[in-house]
Amino acid sequence: MTIMDPERTTLKEMPTGMDLLHDPLLNQGTAFSAEEREELGLRGLLPPRILTQQDQVKRVLENFYKKPNDLEKYVYMMSLEGRNENLFYRVVMDNIETMMPIIYTPTVGQACVEFGHIFQRPRGLYISIEDRGEIDEVLANWPYEDVRVIVVTDGERILGLGDLGTSGMGIPVGKLALYTACAGIHPSTTLPITLDVGTNNERLLHDPLYLGLPQERVTGAEYDDFVEEFITAVSRRFPRAVIQFEDFANHNAFRLLEKYRDRVTTFNDDIQGTASVTVAGLLGALRLTGGKLKDHKFLFLGAGEAGIGIADLLVAALREEGLSEKKARQLCWFVDSRGLVESSRTDLVAHKLPYAHEHAPMATLADAVRELQPTALIGVSGQPQTFTQEIVEEMARLNERPIIFSLSNPTSKSECTAEQAYTWSDGRAIFASGSPFDPVTLPDGRTLVPGQGNNSYIFPGIGLGVTTVGARRVTDEMFLAAAKALAAQVDEDDIAVGRVYPPLTKIRAVSARIAAAVAELAYESGLAVEPRPYNTLAYVKEHMYEPNYLSFV
């Protein structure tokens, strides 16, 4: 028996009986109709009562809220995803503010730390250094041919948690769940991949339940040759896929992006996605501070992938306001683990050098704040509680509306909390964070809602736009266009409560707008493969997956 799947527009062999119930993309559980049960060999394999998808959602939520902690909720939801993907996405999409902190940050961080101990069933592909010379054969084992979005990690820098090896697979899985939930990328076209080159995490190397190769990391030419074989094999087998590099360490992230960005359809979310969502937040903050970006001075704590990526995109935005590249860079300052990034230092890696301005050395962030007098403080350090009361109070003394973005993930790594930023600034801070914080009620009765500068506002829309029109490359201009499109979705109600991002409940509409902006840029740049539609936004929305059950008879 064969069926036509309208979501994928391809004819496929229809499984029956237990095989159908074990296929998460097709399984509908107790929602299969009487006719489907008869035709598909399901009689007796299910309880007799037929329920609707909404009935099933009620059961899922009832059990979800009974779980004693967030990690148990994560395990429960991942188990549901492995059984019935349409139901999983229905629950997530309809309860996005509740579900996102569970299926992604901050809970996914804990899930990665304990990955080998909570593992239930495999998801995605694991390609190890032992597969050298045979990566194409490993990719051939993936059951779906039309892969459009790949998220790949080597697990060396998972969130702010460091080297987790193959335990970092929770990140590609979670990111791709957000591609689907936030932007309607069909789940059958997504593929999470972990490249296992070993780990230098001693705890994992001595953990008998660790699931990766129990060896130290492969580096140098051997590592590069392995990645090269992977990129070549993916490009050949899945030629329409966009490849998202995720959570690679700094020493690999920048150079791999530069090596492959003009060769395949790829981007690095830690560098470019973080940049886009942060610039969007800064554009939103202008609604509260007034003026333009060029009226501000930006001080970053942390000079890795995220910080440099933000500054580079910010420079592009500043140039659009009429500044030269040199003057734009001079508005961006960095403090790293060794103090102020300045021109006399001899220990700076290449990606920091454009921001090494002439200045006397300074050892601490507090010194830099007092001396440089920034209007915006952006934390991307992975070091918790580094925005101290002294520093926030100094920012509030210098600025009527200080911009405090504490972007490190997960929550345990945040440079300060929303309550601290608001309290120490007498409620004047414009605050955003990487992971969610609850609204804060001040002594004067005002309630402020912190914005969440989560990359989930950006990368799903980027992916939707690129895959919908078949863009051959992902450009920096697309990330600036995405930032502007996101900032444009912030309305007066958001501004009134101090929020510089729209609420997550609007994420699908936001992603569609971003995708349309990206698609238009792809057409203007000659990068799109698909014919240009009359209405790009409508065209994008037509391609967004809805987790509704199909009728099989």
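The values are calculated or read from the model by the stated rules, or taken from the named source; none is laboratory data. Remember, predicted model here, so these are calculated numbers, not experimental data. Because the Cβ atoms are built from the backbone with ideal geometry, glycine has one as well, and the counts that use them run over all protein chains shown. When the accessible area is computed, the model is the full protein with side chains, heavy atoms only, and any ligands, DNA or RNA have been set aside. Shrake-Rupley method; radii C 1.70, N 1.55, O 1.52, S 1.80 Å.
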Summing +1 per Lys or Arg and -1 per Asp or Glu among the other residues with Cβ less than 12 Å from residue 362's Cβ gives -1
Kirkwood Rh for region 228-274 from C-alpha pairs, in Å, is 10.9 Å
Which lysines have a Cα lying under 21 Å from the Cα of residue 73, excluding residues fewer than 8 positions away in the same chain? 58, 175
Heavy-atom accessible area per residue of the chain, all protein chains kept, 1.4 Å probe, expressed in Å², is 40 Å²
Could you tell me which of rounded, prolate or oblate describes region 443-553, using a ≥ b ≥ c as the square roots of the eigenvalues of the alpha-carbon gyration tensor, with rounded for a/c under 1.5 and, failing that, prolate when a/b is larger than b/c and oblate otherwise? oblate
Rounding to the nearest 20 debye, state how big the charge dipole of the chain is about its Cα centre with +1 on each Lys and Arg Cβ and -1 on each Asp and Glu Cβ. 1020 debye
Which distance in Å, rounded to a whole number, links the C-alpha centroids of region 230-252 and region 291-320? 27 Å
Relative contact order (%) - the chain, alpha-carbon pairs under 8 angstrom, separation at least six: 13 percent
At a 1.4 Å probe, what is the % contribution of carbon and sulfur to the accessible area of region 308-382? 48 percent
Counting only DSSP beta bridges with both residues in the chain, what percent are antiparallel, rounded to the nearest 5? 20 percent
Taking R0 as 51 Å, what FRET efficiency do you get between residue 59 and residue 390 from their Cβ-Cβ distance, rounded to the nearest 0.05? 0.50
Lys and Arg at +1, Asp and Glu at -1: neighbours of residue 479 with Cβ under 11 Å from its Cβ sum to -3
Here the relative contact order (percent) of region 182-335, from C-alpha pairs under 8 Å and at least 6 apart, is 16 percent
In region 481-553, the chymotrypsin sites (Phe, Trp or Tyr not before Pro) that sit in a DSSP loop and have at most 11 other Cβ atoms within 10 Å of their own Cβ are 534
Tell me, what is the percent relative contact order of region 62-195, built from C-alpha pairs under 8 Å that lie six or more residues apart? 27 percent
Give me the distance between the Cα centres of region 35-100 and region 489-537, rounded to whole Å. 30 Å
How many angstrom lie between the Cα centre of region 425-488 and the Cα centre of region 158-181? 19 Å
For labels at residue 441 and residue 25 in the simple 7 Å Cα→Cβ model, what's the distance in nm? 4.9 nm
How much of the accessible area of region 453-553, probe 1.4 Å, is carbon plus sulfur, in whole percent? 50 percent
Could you work out the helix-only [θ] at 222 nm for the chain, with each DSSP H run of four or more residues adding -39,500 (n - 2.57) and the total divided by the number of residues, to the nearest 500 deg cm²/dmol? -12500 deg cm²/dmol
Flagged links, alpha-carbon separation over 23 Å, of 292/326; 294/352; 259/294; 292/484: 259/294
I want the local charge near residue 318. Using Cβ-Cβ distances under 12 Å, sum +1 for each Lys or Arg and -1 for each Asp or Glu among the other residues. +2
Extending each Cα 7 Å along its Cβ direction at residue 358 and residue 207, get the distance between those two points in nm, one decimal. 5.1 nm
Leaving out ligands, DNA and RNA, what percent of the accessible area of region 137-188 is carbon and sulfur, probe 1.4 Å? 49 percent
Rounded, prolate or oblate (a/c below 1.5 giving rounded, otherwise prolate when a/b exceeds b/c) for region 220-303 by Cα gyration tensor: prolate
